[in-house]
């Protein structure tokens, strides 16, 4: 069972607020022979080469400079190496803070405490985000201000082996109608669990459930365990956690989940799922792309879609309650702005970021990364509409939840996983796991950051 490692957070807590971090990238002026003096604005950007992120910044730089010609202004990106969270903090302590960098939406809290980001309240009135769902606004806001611009998005469907369902004598009509049953609350998490058990008993698959992330948000949410109070910005210790532990204990007993579940990450799961060895894979949008790669069909979208429709069916994560709403979770990337960007420079930083989120550039990133675009305008792109899987499951974003940016979230989750690990590796009961989780959370999460439900 993989352990959750808390690194950057512990460094932040020990260092406190950082101040006086200069980027060394103040606006400069450039001249060219025979031309009027041109003002050059240098913007430092920490490199992220995943998907089309860097390519999109390069193209955004070109587009912005076309607009700025009339103002005799030229923006130049100064590329800095991408680094991890711990090094991000250490470099900031040494005064080296980039103007723009990317990180997870969950990182707002500790980044703000560390003094390595500033507010970007222009997001509220930006034309880019005028049509996004309210849930996106919640992702970008923290403690009354906007601190990031959402860069990409995903949801978390459950990918199910169509072949296994056929082996259980399900008809095409039953399989194709499964998603509607989940959406209406007719098909529950318990129903899915029973199918996985039956598929294993009949040797149709080797594993019942595999999951992308050992924080298991989707399974918590299915049982109504949301562990975070947005209004008070506190973690919540609720007895609903015991319900989730009871599922874990039952699923282990029935052989649907085994001790190795935390070791089967998506890199391992994709080829296994393609071979039909896993009944249900709980993963995010990008797993579609990973299966395509596992099939060797990176350059054959049409062929892969044919294979996908013959072998896979996907659904939202079903509610544990009959009649309940399905759930989905995500961990979107955010574009952050460093604290040394002043009010004079911010308009150029803003316009660069807005161009990165041009609809066609968002789809360029979708094609390479498997992530979803964040604006409705991008979803109108012809290329997006031609990708049935992406187009059809974009509705999940309406109810997709994200991990809280609360700085104690990682500590709280570590306590929760102690209980999961006790069930998986020590054979402990749900009650024992809950007591272990409760004791550890009370000891390690500050009492003024924790709501304890009675």
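The values are calculated or read from the model by the stated rules, or taken from the named source; none is laboratory data. Just so you know, these numbers come straight off a predicted model, no measurement behind them. All Cβ positions, glycine included, derive from the backbone under ideal geometry; neighbour counts span all protein chains shown.
Just one of 274, 230, 205 is assigned by TED's automatic domain parsing to the domain that holds residue 186 and without any contact (Cβ under 8 Å) to a residue 40 or more places away in the chain; which is it?
The conditions single out 274.
Would you confirm whether any residue within region 15-37 is assigned to a helix (DSSP H, G or I), at pLDDT below 95 and more than 25 Å from residue 367 (Cβ to Cβ)?
yes
Only helices (runs of 4 or more DSSP H) wholly contained in region 123-177 count here; list those with 1 or more residues that are touching a residue at least 60 places away in the same chain (Cβ under 8 Å) and crowded, with 20+ Cβ neighbours inside 10 Å.
134-140, 162-167
Scanning region 46-67 for residues that are touching a residue at least 60 places away in the same chain (Cβ under 8 Å) and over 27 Å from the mean Cα position of the chain (by Cα), which turns out surrounded by the most Cβ atoms within 10 Å (Cβ to Cβ)?
64
Of all the helices (runs of 4 or more DSSP H) wholly in region 357-418, which have at least 3 residues that are surrounded by 22 or more Cβ atoms within 10 Å (Cβ to Cβ) and either touching a residue at least 24 places away in the same chain (Cβ under 8 Å) or touching a helix residue (DSSP H, G or I) at 6+ places or on another chain (Cβ under 7 Å) (or both)?
Output list reads 359-369.
Residue 353 fails exactly one of the following numbered conditions: (1) outside the structural domain of residue 125 (by TED's automatic domain parsing); (2) in a helix (DSSP H, G or I); (3) modelled with pLDDT of 95 or more. What is the number of that condition?
Tallying (1) outside the structural domain of residue 125 (by TED's automatic domain parsing); (2) in a helix (DSSP H, G or I); (3) modelled with pLDDT of 95 or more, residue 353 fails exactly one: (1).
Give the residue, chosen from 303, 296, 224, that is closer than 22 Å to residue 139 by Cα and over 18 Å from the mean Cα position of the chain (by Cα).
Just one listed residue meets the conditions, 224.
Out of the residues in region 75-115 that are surrounded by 15 or more Cβ atoms within 10 Å (Cβ to Cβ) and assigned to a strand (DSSP E or B), which is farthest from the chain's Cα centre (by Cα)?
75
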